[in-house]
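The values are calculated or read from the model by the stated rules, or taken from the named source; none is laboratory data. As the structure is a prediction and not an experimental result, all values here were calculated from the model. Because the Cβ atoms are built from the backbone with ideal geometry, glycine has one as well, and the counts that use them run over all protein chains shown. Heads up: the accessible areas ignore ligands, DNA and RNA and are worked out on the full protein's heavy atoms, side chains in. Shrake-Rupley method; radii C 1.70, N 1.55, O 1.52, S 1.80 Å.
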Amino acid sequence: MQSIINWLPQKLKRRLPDLDLWVVFPYVLLSIFGIIMVYSASADYYIQNGISAKSYLLKQAVWVAVGFVITLLVFLMNKKVFRNKKILMFAFVVLFLASIYLIFFGPNTNGATGWIYIGSFGIQPAEYLKLFIILYLANILSLHQHRMELGDEISAKTTWSPAVIVFGLIVLNFLEHDLGGSTINAAIAIVLFLAAGKNYRQSVAIIFAGLAVFFGLLTTVASKIDVNTSNYMLQRLVGFAHPFELSKGAGNQLVNSYYALGNGGIFGVGLGNSIQKKGYLPEANTDFIMSVVAEELGLIMVIIIISVLFVIIFRAIILGTKSNRMYDTLICYGIATYLVVQTFFNVGGITGLIPITGVTFPFISYGGSSMIVLSATIGVLLNISASQKRSQRIEQREAK
């Protein structure tokens, strides 16, 4: 223990100049803002129900603090740890067994069985699956990079095994009735497989074509589902297609989100003054926290928050394109995809662009599992950025 205490300050001192402020500042700002908004979104409702107004404030503050520590530790780690086969295999086994348990024995929470509870502490394996997919596919696809570039037949032989493993886990995630999480994980995997093939134009074309087909089918299917269906996942689709017709049922969340957005307007009604969070808007501190932000602080603040988040996303893409290592490139693209798709699903859900999927907004919404995984991904991104800076210094010294 003493050796770790001695190691940390020395390691940090050496690595501090390599800290990427384009990633750190947005991450810290969003996390601190998230604490404020979790408190604002939950305080009134919990006071009405006899619960301490500071309950979720303190919990979120603890998760953010834990997240900062995780980010620091991952930033200081040797990247070889991320590629350790035993660690990746252990993670796969744990996630696989957790998914099996949840499908057959998991408690139902808001229509899904995605939580494992240890006392009052809840763990959401689907969140950890996002990071596992990024690290696992980046490792396996970069190891076979030369084969991926030789042709379709060899590429197929190289990718079928990791594809079965990853998409097998995603199917299990879907069977937990987690449409949002499974879709995000599938998007991450697809982007990494396409990026590993090196044909960027084809990859972009396939992604946009896939999105167009997906949304076309989604709108068609949603409009034809029986509005009286009792299936939870189908209810979200009909609530998306007929929100006001089902305002007292499946469309209740979306309708109240509309009210919050409309009430907030451009500048908002003031921090703490949301009406919809007072029992009208379910999950106000998690899935619909951006509705509360929009109502209290207005459209301008929502645009600022999304812009700050996109600083991290664009930085990840830049780091990926600059890297001459396929492993680093794939990780950066995976993290960017994770943040983009999750943000789109959350904002798209509260604005009625897509069905509500129960996806939280990165760094702002309440949640321990989400904050831990997001913080770990930030740590990985900082680690890659620092590695690039060290490589640049070495190249500059050799050039002199």
For residues in the range 329-352 being hydroxyl-bearing (S, T, Y) and under 27 Å from N139 (Cα atoms), which is farthest from the chain's Cα centre (by Cα)? T329
Counting only residues that are open to solvent by less than 40 Å² (accessible area, probe 1.4 Å) and closer than 27 Å to G180 by Cβ, how many does the range 71-108 have? 10
Which ones in the range 171-180 are within 20 Å of F344 (Cα to Cα), touching a residue at least 40 places away in the same chain (Cβ under 8 Å) and not in a loop (DSSP other than H, G, I, E, B)? N173, L179, G180
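Considering A336, A316, which residue is without any contact (Cβ under 8 Å) to a residue 24 or more places away in the chain and open to solvent by less than 10 Å² (accessible area, probe 1.4 Å)?
Values: A316 fails: without any contact (Cβ under 8 Å) to a residue 24 or more places away in the chain.
Unique residue meeting the criteria: A336.
Of everything in the range 275-290 that's of a type in the set (D, E, K, R) and open to solvent by 30 Å² or more (accessible area, probe 1.4 Å), which residue is farthest from S307 (Cα to Cα)?
Let us first name the residues in the range 275-290 that are of a type in the set (D, E, K, R), namely 277-278, 283, 287.
Among the residues that remain, those that are also open to solvent by 30 Å² or more (accessible area, probe 1.4 Å) are: 278, 283.
Details: K278: 28, E283: 24 Å.
The selected residue is K278.
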Using the structure shown, decide if R325 is open to solvent by 20 Å² or more (accessible area, probe 1.4 Å) and farther than 20 Å from F25 by Cα. yes
In the range 350-365, which residue that is modelled with pLDDT of 85 or more and out of contact with any Gly (no Cβ under 8 Å at 6 or more places or on another chain) is nearest to P282 (Cα to Cα)? I350
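Would you check if L381 is under 18 Å from P26 (Cα atoms), out of contact with any helix residue (DSSP H, G or I) (no Cβ under 6 Å at 6 or more places or on another chain) and at pLDDT 95 or above?
Numbers: under 18 Å from P26 (Cα atoms): yes; out of contact with any helix residue (DSSP H, G or I) (no Cβ under 6 Å at 6 or more places or on another chain): no; at pLDDT 95 or above: yes.
Judged against the criteria, L381 is not a match.
To keep it simple, each residue is scored yes or no on (1) over 19 Å from the mean Cα position of the chain (by Cα); (2) modelled with pLDDT of 85 or more.
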residue: W7; (1), (2): yes, no
residue: K54; (1), (2): yes, no
residue: A65; (1), (2): no, yes
residue: A112; (1), (2): no, no
What residue, of L339, L330, L353, is assigned to a helix (DSSP H, G or I) and over 19 Å from L30 (Cβ atoms)? L330
Looking at (1) open to solvent by 60 Å² or more (accessible area, probe 1.4 Å); (2) modelled with pLDDT under 75, find the lone condition where L21 falls short. (2)
